[in-house]
Amino acid sequence: MSKLEKYLDELLIFMADKIEKNAGTTKTIEFNFSFEFIEKYFNADDERFEDGKDLKELKKIINIKDNELIKKVLMKAINEELIKRTVIGGREFSKIQLTDNGFRKSKAIKLNKIENNKKWLKYIFEKLFLPILVSIITVLITFYITSKIQNKNVNNELENIKKEIEWLKQKK
């Protein structure tokens with residue numbers, strides 16, 4: 001899986017989680033992934049716009065600072081119709097919504113991650129834990145059986161010695 005695909009998955013999960021957290025729908029929750037820029041004016045002071053709120057959160061979650069890579073991820077998501085712009089004009093990526101397809105894909109990604117974790121746990125259990133457990137149980141059963149046999153043999157020997165002592169006492 002490429003970096004772009006990985007970050008796209010993270011973007012979709014981020015958006016779907018936020019929709020669910022806010023008890024919204026794909027049609028009611030908008031995201032602001034606009035990038036920081038400075039608007040220059042001819043006869044006035046320049047105006048600085050910071051990164052959008054959702055972009056800041058996403059950057060923290062996926063630990064990325066490269067705006068060009070994030071822009072590629074957003075454009076890929078738009079081109080695959082996983083997200084959509086709700087406003088033409090204005091700041092780029094300032095009004096973004098997750099599409100129903102994007103929401104479904106985020107659910108599939110989450111489910112796939114859960115299944116992969118289950119497979120990993122199953123692998124650990126089957127390949128590491130189970131053979132050790134079987135070995136330990138086998139040793140314990142062998143030890144128990146062996147000790148039972150040895151105890152039986154010792155008891156038989158003691159019985160034989162007892163009988164011999166009795167026989168010797170009777171001979172005297």
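Within the same chain, lysines fewer than 8 places from Lys169 are excluded, and of the rest, those with a Cα less than 27 Å from its Cα are Lys152. Take the chain and mark each of the chymotrypsin sites (Phe, Trp or Tyr not before Pro) that is in a DSSP loop with at most 12 other Cβ atoms within 10 Å; the longest unmarked stretch, sites excluded, is 43-172.
Helices in the chain, meaning DSSP H runs of at least 4 residues, each add -39500 (n - 2.57). Divided by all residues, the mean residue ellipticity at 222 nm is -22000 deg cm²/dmol. Based on the Kirkwood approach, the hydrodynamic radius assigned to the chain is 21.9 Å, with every pair of different Cα atoms included. The simple spin-label model puts a point 7 Å past each Cα toward its Cβ; for Asn156 and Ile88 those points are separated by 9.8 nm. With respect to the chain, whose longest principal axis is taken over its alpha-carbon atoms, helix 100-124 is tilted by about 20°. Relative contact order, whole percent, for the chain stands at 23, derived from Cα pairs under 8 Å and 6 or more residues apart. When the C-alpha to C-alpha distance is required to be over 30 Å, the pairs from Lys65/Lys119; Lys71/Lys107; Lys3/Lys53 that qualify are Lys65/Lys119.
Connecting C-alpha atoms closer than 10 Å in a GNM of the chain, tell me which of Arg91, Arg48, Arg104 has the biggest fluctuation. In the Gaussian network model the winner is Arg48. Principal-axis analysis of the Cα atoms of the chain puts helix 3-21 at an angle of about 90° to the longest axis.
For the pair the range 41-110 and the range 154-172, the centres of their Cα atoms are 95 angstrom apart.
Using a Gaussian network for the chain with springs between C-alpha atoms less than 10 Å apart, which of these wobbles most: Asp54, Asp100, Asp46? Of Asp54, Asp100, Asp46, the most mobile in the Gaussian network model is Asp46.
Along the axis of the charge dipole computed for the chain (Cβ charges of +1 for Lys and Arg, -1 for Asp and Glu, origin at the Cα centre), the listed residues Phe33, Ile88, Phe129 are led at the positive end by Phe129. Solvent-accessible surface of the chain, taken per residue with a 1.4 Å probe and all protein chains present: 75 Å². Taking the C-alpha atoms only, the angle from helix 130-171 to the longest principal axis of the chain is near 10 degrees.
About its Cα centre, how strong a charge dipole does the chain have in debye, to the nearest 20, once Lys and Arg get +1 and Asp and Glu get -1 at the Cβ? Write down the numbers at each step before the final one.
On the way: 35 positive and 27 negative charges, 267 e Å.
In total the dipole reaches around 1280 debye.
For the options Leu140, Leu128, Leu55, a Gaussian network treatment of the chain with springs between C-alpha atoms closer than 10 Å singles out Leu140 as fluctuating the most.
The values are calculated or read from the model by the stated rules, or taken from the named source; none is laboratory data. Because the structure is predicted, anything quoted here is derived from the model rather than measured. For neighbour counting, all protein chains shown are included, and Cβ atoms are generated from backbone atoms with ideal geometry for every residue, glycine included. Surface accessibility is based on the protein's heavy atoms, side chains included, excluding ligands, DNA and RNA. Shrake-Rupley method; radii C 1.70, N 1.55, O 1.52, S 1.80 Å.
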